[in-house]
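The next block holds one structure in the form of structure tokens; read it before the comments.
Quick note: the coordinates plus some simple rules give every number you see, no bench work behind them. As the structure is a prediction and not an experimental result, all values here were calculated from the model. With ideal geometry, Cβ positions are generated from the backbone for all residues, glycine too; neighbour counts draw on all protein chains shown.
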Amino acid sequence: MDPLSDVLRSMRLTGGIFLEAEFTAPWCIVSRVEPEDCAPFGYVPRTLIAYHYVEEGELLLRIDGGPDILARPGEILLLPQNHPHILASGPDIPAADSHDLILPAAEGGLARIVHGGGGARTRIVCGFLGNETPGDTLLSFLPPVLRLEVPEDHTGEWIESTFRFASVALAGGGDRSAVVLGRLAELLFEEAVHRHVASLPEGEKGWLAALRDPTVGRALALLHGRLDRPWTTEALAAEVGLSRSAFASRFTALVGDPPMRYLAKWRMQLAARRLSDTPDPIARIAFDAGYESEAAFSRAFKRAFGVPPAAWRKAPVAWPNERSLRT
């Protein structure tokens, strides 16, 4: 099993678009997707991934004084950690607060921003992906910005037309278009992550780079593919053909955690996912997570997430998009 795809699937991202913007040069705004921006979708995600799709024109994106990132038509900029950021037509332009410029949506449609000095036009669609998966195994290892260029072929035409269709339909109050666009944004995020991993230089360290290491990558695939096995460091080392000490050292150096600690964290994440999504008994979830008693699992869960399993399960977490797809 591909552990990267496994983690991406476990996140079960959902979301959509909430804003269309039209800018004319010169212009500059400070932007950040806030939880209340998700209110029209009926829930507040635990974490947010923001994205901007450039329909027309160009823009510069900058985070925390870093380098400017240029985006052109057909490109999508994704912000895995949802950092505050600046969008602009050029450098050294005074920035306005994007939330002060938002024109409220009319009759359930999209909110809008129309702003600028009357010059060259840039049109973008702003959206979010909500993520309810606890922990930050993947997101913490991604760069602040992922740029995905939509290919200039039939796929690119389909992506562009889907964004446009969803924007128009949402403006008219079409709820199902939000489902379509949320799924499209999820697929594009997955593609951007896979491309980023493929582009990492040789010798890179970290969880993402570890996926490409012949031994550690295979160990991660084994852990994710056979999660119910009573793994030990010795057993994993034997599977990948290394001594226990050599394997543990290599795994820890690349991943950042020893093998069994990594396994415990991953099992706990999946347990939290099941508590939110299923009516499975807590005792069963505890056993599948590798705990011999519900009490021990509850203590470990509270240490990890601040609340016991029962309280986590009662927390209001809604997935309106997924429910729409099933009905």
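Annotations for the structure displayed:
- Debye equation applied to the C-alpha atoms of the stretch 201-255, log10 I(q)/I(0) at 0.12, 0.17, 0.27, 0.30 Å⁻¹: -0.24, -0.48, -1.11, -1.27
- Computed over neighbours whose Cβ is under 11 Å from that of residue 307, the net charge equals +4, Lys and Arg +1, Asp and Glu -1.
- Backbone HN-Hα couplings from phi across the stretch 83-93 [Karplus 6.51/-1.76/1.60, Hz, Gly and Pro as x]: 5, x, 8, 10, 10, 7, 7, x, x, 6, 10
- Debye log10 I(q)/I(0) for the stretch 245-288, one point scatterer per Cα, at q = 0.27, 0.31, 0.33 Å⁻¹: -0.85, -1.01, -1.09
- Residues in the stretch 121-128 carry Karplus couplings, in order, of 9, 10, 10, 9, 10, 10, x, 8 Hz; the curve used is 6.51 cos²θ - 1.76 cosθ + 1.60 with θ = phi - 60°, and Gly or Pro positions show x.
- FRET efficiency, residue 287 to residue 83 (Cβ-Cβ, R0 45 Å, nearest 0.05): 0.70
- Listed residues 253, 283, 272: farthest to the positive end of the dipole of the stretch 242-321 (Cβ charges): 253
- Amide H contacts under 5 Å for residue 57: 123, restricted to partners 5 or more places along the chain or on a different chain, H placed in the peptide plane at 1.01 Å from N.
- Paramagnetic reach from residue 229 in the stretch 284-307 [backbone N under 17 Å; point 7 Å along Cα→Cβ]: 289-290
- Of 288, 97, 37, 92, the sequence from fewest to most neighbouring Cβ atoms within 10 angstrom is 92, 97, 288, 37.
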